Amino acid sequence: MTSHSDRTIVLITGANQGIGYEVVKGLLAHEKYHILLGSRDATRGAKAATEIDPTGRIVEPITIDVTDDASIQRAVDEVASKYGRLDVLVNNAGINNEFEMHFQQVQNQKDGVQEKPDLAKMRRLFHDAYEVNVAGAAITTEAFAPLLEKSTATPARIVFVSSHTGSLGLRVDQSSDWHQKLSSPSFPIYRSSKSALNMLTLHYAAKFQSKGWKVNASCPNLTATNFSRGNGRPASESAVNIVRLATLGTNGESGVYRDEKGVVPW
Ligand SMILES: NC(=O)c1ccc[n+]([C@@H]2O[C@H](COP(=O)([O-])OP(=O)(O)OC[C@H]3O[C@@H](n4cnc5c(N)ncnc54)[C@H](OP(=O)(O)O)[C@@H]3O)[C@@H](O)[C@H]2O)c1
């Protein structure tokens, strides 16, 4: 077993690109972290890890597909055999597979074409998005909980990467700056998956409260990644609050949903 007893071992899922990649870079600035860069594809993971840390001493790729139980278990076994524990888990992997359907709906509206929903397709999209965004995050958390139990960090931390678009509070609060943006009936699959993820955040915050773990959700805001087709702010800015939550001390919050400016209503 590799010692690393003086290091905080942190795993970020879906970190070979986008916001997760920037979280790895942000954590690199923190002393004494050993960063496991999660990627569902080993080659993409190795490339990203080498780009960020050519020495390979601080950033290490790890293959994990959050929709594949065998892949999750292999990742757990690898961390167990190398380090015997995990200190921080960042559930960042996420997808929005609704863009094509969304743009088609917008076009139909413009053309005055009566929408004919493809129910089978919609069911498939629901299944695939919930697999990654909801079940993937929950099962990864459950699978790594025994290694988080062995954490030597005080406190152990779990971060769920959520979205403002999953906030029921912002959706209904007409006085919020977000209301207009969020009140349009778009992306029901993605948005509801993030609302579900928010409930999981509260669930795990309560479940692990007695252990003193810090369990929180972060809202990245619209961020220019492949996910958003390049729209939004730089991913490095969206990584800031995730990195903060991943490095919280004993006085840090738990059971909170927020961005870098403050608390976001559930
Ligand atoms: N970008 C935004 O505007 C925005 C706004 C709010 C919230 N978010 C959230 O931020 C998180 C990161 O998004 P992003 O913008 O950085 O997207 P991204 O650039 O598309 O990165 C998503 C990452 O998730 C990985 N992933 C997808 N399916 C996976 C699976 N089954 N198992 C493991 N990893 C998987 C991707 O792997 P591959 O490279 O192999 O595809 C990729 O590494 C997501 O949870 C997203 O919902 C994004």
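At-a-glance table
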read-out	value
Net lengthening on full extension, Asp77/Leu119 (0.36 nm per residue, minus Cα-Cα)	11.2 nm
Extension gain (nm, one decimal) between Glu149 and Glu237, 0.36 nm per residue minus Cα-Cα	28.6 nm
Accessible area expressed per residue, the range 18-112, with surrounding protein chains retained (probe 1.4 Å, Å²)	48
Hz values of 3J(HN,Hα) by residue in the range 161-166 - Karplus curve (6.51, -1.76, 1.60), Gly and Pro given as x	8, 9, 6, 4, 5, x
Sparse-neighbour loop sites [GluC sites (Glu not before Pro); the range 199-266; at most 14 other C-beta within 10 Å; DSSP]	Glu253
Distance between modelled label sites at Ala135 and Ala29, nm, 7 Å Cα→Cβ extension	3.8
Karplus 3J(HN,Hα) series, Hz, for the range 125-142 with 6.51 cos²θ - 1.76 cosθ + 1.60 (x for Gly, Pro)	5, 4, 4, 5, 5, 5, 4, 7, 6, 10, 4, x, 5, 5, 6, 4, 5, 4
Amide H partners (placed H, <5 Å) of Ile12, local residues excluded	Leu36, Gly38, Val90
GluC sites (Glu not before Pro) within the range 6-100, DSSP loop, no more than 10 other Cβ atoms inside 10 Å	Glu31
Carbon plus sulfur fraction of accessible area for the range 8-263, probe 1.4 Å, in percent	53
3J(HN,Hα) from dihedral phi, the range 192-199, Karplus parametrisation 6.51/-1.76/1.60, rounded to Hz, x for glycine, proline	5, 5, 6, 4, 5, 5, 4, 5
Gain on full stretching of the segment that runs from Phe99 to Leu168 - 0.36 nm per residue minus C-alpha separation	22.7 nm
Tensor-based shape of the range 160-245 (alpha-carbon gyration tensor, a/c under 1.5 rounded, otherwise prolate or oblate)	oblate
Percent of beta bridges antiparallel (DSSP, the chain, rounded to nearest 5)	5
Listed residues His34, His127, His164, most fluctuating in the chain (Gaussian network, C-alpha, under 10 Å)	His127
4 °C / 1.567 mPa s Stokes-Einstein diffusion coefficient of the range 105-235, Kirkwood radius on C-alpha pairs, µm²/s	76
P(r) of the chain over all Cα-Cα pairs, binned every 10 Å from zero, in whole percent	7, 30, 36, 18, 6, 1, 0
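The values are calculated or read from the model by the stated rules, or taken from the named source; none is laboratory data. Computed from a prediction, not measured in an experiment: that's the story for all the values here. Note that each Cβ is placed from the backbone with ideal geometry, even for glycine, and that neighbours are counted across all protein chains shown. Remember, those area values only see protein heavy atoms, side chains included, never the ligands or the DNA or RNA. Shrake-Rupley method; radii C 1.70, N 1.55, O 1.52, S 1.80 Å.
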